[in-house]
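The values are calculated or read from the model by the stated rules, or taken from the named source; none is laboratory data. Remember, predicted model here, so these are calculated numbers, not experimental data. Here the Cβ positions follow ideal geometry from the backbone for every residue, glycine too, while neighbour counts run over all protein chains shown. The protein model used for the area step is the full one, side chains on, heavy atoms only, and it has no ligands, DNA or RNA in it. Shrake-Rupley method; radii C 1.70, N 1.55, O 1.52, S 1.80 Å.
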Amino acid sequence: MAILLLTVLLSFQPLTTDLYLPALPTLTASLASTIAGAQLTLGVLTVCFGLSQLVCGPLADRFGRRPVLIIGLSLYTAASIANALAPSMTWLVISRGIQGAGMAAAIVCARAVLRDLYEPEYGARVLARALTGLGICAVLSPIVGGAAVALAGWRATMGLLGVFSACALGLALWRYTETTPRRNPDATRIGPMFRTWWTILRHPTFLKYTALSAFTYSGLYAFLAGSSFVMVGQWGVSRPIYGLFMAMAALAYIAGTLLCRRLVPLRGVRRTIGMAGWFSLAGGTGLALFALIGWHSPWAILLPQCLYHFGHGMHQPCTQSGAVGPFPQAAGAASALTGFIMMLFAFPIGLYLGYALIDSSYPLPLTIWGCAIATALAAWVVARREM
């Protein structure tokens, strides 16, 4: 049951971003906006998601995971309805921000529950299983999103998110019992809260794992933020085909999580991360090379991006479990800081691509290449004791 709950909660992030990607060009035209305006629907979601984690983490340590989770899922469901009814881009951007705040509760509580129930190394294996399920959602979401846009317009994608969140809320109410080992009454007091954050931020294990998580996620975020405008908007790929390409990348991510599950008990977390760094670097370098030689084909993005997704699938279970591992009594706060730092790195990348991709496709592969180099270097720093 714990793995099912973790899978559902962690799936909010890819569903919220991936499901509506095929709809971005359509909603941009429907609401008479621009690429930069449409990017704000992802950027503001990201900012609110990152900032809200700093609130949800201490609240989850103070009051328990369950009340924070229930309130967050209720907020997400309401925001999804508002998204589907949006009459303007401004409305949509604001309601997406509220949706990001609700999503923060789901993700923070999922990571905290993982630490409540499992020690870090075994937690990485459990998280890999949950992320395999997340990967299946990531495979299906662009396909379902593309079909929904074709059949019922872009608003249908927002309605589907509302249905999913309502089902998740029902699951949490029905099956989840509190897992917090000990509520911390000081978790939301300003002084103790900042001291806890400072303690976490100074911990070398947290810093190394969080840096790796932020770099690898930034490359993925760049792909999510820019791929539809390059493939659909510039190169004329149909939305259903684009959805299939996104599904193929997600399958590579699933393969990475499956390999992670096999390697961690055999080779350990550090060696697994070190190996994954090579896949990240190979994927980013392939993207840059294909762009520089002028191969303007969807396959020039998809094939190397699958390598990057594969490495990301190996990195994420290890980094998310490893970053929270040293803090069993402050798992909510550690989870919140990890998520906030990831979004802090990702948001400016999406903002930059919103303007850079107006006239050229080159910024997308070159940006992911930069993230791949940073990811590989961070992975080898984490793994250096065993390499």
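Of the numbered criteria (1) in a loop (DSSP other than H, G, I, E, B); (2) open to solvent by 30 Å² or more (accessible area, probe 1.4 Å); (3) not basic (Lys, Arg), the one residue 361 fails is (2). Residue 179 meets all of the listed conditions (1) surrounded by 13 or more Cβ atoms within 10 Å (Cβ to Cβ); (2) over 20 Å from residue 116 (Cβ atoms) but one, namely (2). Given the conditions (1) surrounded by fewer than 20 Cβ atoms within 10 Å (Cβ to Cβ); (2) touching a Phe, Trp or Tyr at 6+ places or on another chain (Cβ under 7 Å), which single one is not true for residue 214? With (1) surrounded by fewer than 20 Cβ atoms within 10 Å (Cβ to Cβ); (2) touching a Phe, Trp or Tyr at 6+ places or on another chain (Cβ under 7 Å) applied to residue 214, the lone miss is (1). Taking the criterion of being part of a helix (DSSP H, G or I) and open to solvent by 30 Å² or more (accessible area, probe 1.4 Å), the residues of the range 192-210 that qualify are 194, 195, 196, 197, 198, 199, 201, 202, 204, 205, 207, 208. Check the range 17-29 and report whether any residue there is open to solvent by 20 Å² or more (accessible area, probe 1.4 Å) and touching a residue at least 60 places away in the same chain (Cβ under 8 Å). Yes, that holds for at least one residue.
Between 101, 38, 60, 112, the distinction of being small (Gly, Ala, Ser) and open to solvent by 10 Å² or more (accessible area, probe 1.4 Å) belongs to 101 only.
The residue pairs whose first member lies in the range 232-259 and is touching a residue at least 60 places away in the same chain (Cβ under 8 Å), whose second member is assigned to a helix (DSSP H, G or I) and among the charged types (D, E, K, R), and whose beta carbons are closer than 8 Å, counting only pairs six or more residues apart or on different chains, are 232/239; 246/18; 250/18; 257/129.
Checking the structure you have, find out if any residue of the range 222-237 is open to solvent by less than 10 Å² (accessible area, probe 1.4 Å), at pLDDT 85 or above, among the polar types (S, T, N, Q) and assigned to a helix (DSSP H, G or I). No, the conditions are met nowhere in the range 222-237. So if I check each of 164, 206, 215, which one is under 23 Å from residue 62 (Cβ atoms), modelled with pLDDT of 85 or more and under 21 Å from the mean Cα position of the chain (by Cα)? Checking each option against the conditions leaves just 206. Restricting the range 303-347 to residues that are open to solvent by 20 Å² or more (accessible area, probe 1.4 Å) and over 30 Å from residue 191 (Cβ atoms), the residue that is nearest to the chain's Cα centre (by Cα) is 310. Residue 72 meets the conditions (1) out of contact with any Phe, Trp or Tyr (no Cβ under 9 Å at 6 or more places or on another chain); (2) open to solvent by 20 Å² or more (accessible area, probe 1.4 Å) in every case but one. The failed one is (2).
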